[in-house]
1. Can you give me the long-range amide H partners of residue 333? Hydrogens built in the peptide plane at 1.01 Å from N, cutoff under 5 Å, separation of 5 or more residues or another chain.
2. Please compute the net charge surrounding residue 333, taking Lys and Arg as +1 and Asp and Glu as -1 over other residues with Cβ under 10 Å from its Cβ.
3. Extending each Cα 7 Å along its Cβ direction at residue 178 and residue 335, get the distance between those two points in nm, one decimal.
4. Can you run phi through the Karplus equation (6.51, -1.76, 1.60; θ = phi - 60°) for segment 262-272 and list ³J(HN,Hα) in whole Hz, with x for Gly and Pro?
5. How far apart, in nm, are the 7 Å Cα→Cβ label points at residue 82 and residue 216?
6. Determine the gain in length on full extension of the stretch residue 312-residue 166; use 0.36 nm per residue of separation and subtract their C-alpha separation, reporting nm with one decimal.
7. Measuring from centroid to centroid over Cα atoms, what is the spacing of segment 312-327 and segment 267-296 in Å?
Amino acid sequence: MSRFDRYLLSQFLMLFGFFALILVAVYWVNRAVSLFDRLIGDGQSALVFLEMTALTLPNVIRMVLPVAAFAASAYVTNRLSRESELVVMQATGFSSFRLARPVLYFGLIVAMIMMVLVNVLVPASRQALSERQAAITENVTSRMLRPGVFQFPVEGITLYIRDITETGELRDIYLADARNPEARTSYTSKRGYLSKNVSGPKLVLVDGMAQTLSHQGMRLAVTHFADFTYDLDSLFGPGDGARRDDGTLSTWELLTADQALASETGRSLSLLIWEGHNRLAQPFLATAAALIGFSALLIGAFSRFGLWRQLLGGSVGLVLVQMIANGAESIGIRDARLWPLVWAAPLTGLALSAVLLWWSQRETRPRRAAA
């Protein structure tokens, strides 16, 4: 690597770190505010809040890295243009494609960082986050079961427990469910207990009675039971243990997904295969973004007022690439055979930057000849 390449690469990496830090902080604070309200409202400590927000950071970083790469590339190119450094290099015979070589190195470095993020860190963090949320849900459920107090966990639900023994047994339980507009059901039980299940917490009632009052005709149906299980998912939020999240699966599992895995996750087979290939193609969006930011600003004559028009054009190009990515996803998830469309956006971005570099080279050639 030549001295010029090392110089330009160091400039890109330094500004990339700065922009990435700013964007991550802005996006993380925005997400953390809503998470803070929800966790503190559930009675969680500040340590739990910090743990949960830390687990969301890999996904936040993954989202902002392409934008940070574009911003760093455009900023450095604009500064080099204002200080005439690019003009000097072009005057020495450097073509636009030769000038773009350190930008390509920079884009590949960012792509490698994203490759580690999307294939290793993000799935691992989402798996840990899912397990932590399940544990918090169980803790919230346990705290909500307070003896001697009428509780209203959600609209239409009334819960009363006279006493909770040291062994965790519930005594004299009353549970009224009025969420159905056509009928109201009341459960009474002499004793019960809370059961933890992979699908979520369950309230087991023993030796009780269920009374269902139909509003149409005002008919009352009474059922006595020896034991009855009431699902608390509707009261305290559904448990995620029974269904795997596709975001926690490894890339290899997604690439080799079958119908059994699709049924387990509740996702279509084509969506799982698309997500697996997208994890391999998505990092190169950062490479394309860096090259677009550089090549767009390389077009046009030198100006002390900056290259704001070229910067606007580069931003439009970046938005176009993202629109292609979104359109390709909406088509590709319908059919598992259309997974090659994941490469449409990265290849379009690389092709666009190549066209811009060729165009900028044509623009600079007459000026060098005239000189």
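Read-outs: derived from the displayed coordinates by stated rules, not from any lab. What you see is a predicted model, and the numbers here were worked out from it, not measured in a lab. Note: ideal-geometry Cβ built from the backbone for every residue, glycine included; neighbour counts use all protein chains shown.
1. none
2. Spelling it out: positives minus negatives among the neighbours equals -1.
3. If labels sit at residue 178 and residue 335, their model points lie 5.4 nm apart.
4. Rounded to whole hertz, the list is 5, 5, 5, 8, x, 10, 6, 5, 5, 5, 5.
5. 7.3
6. 45.8 nm
7. 13
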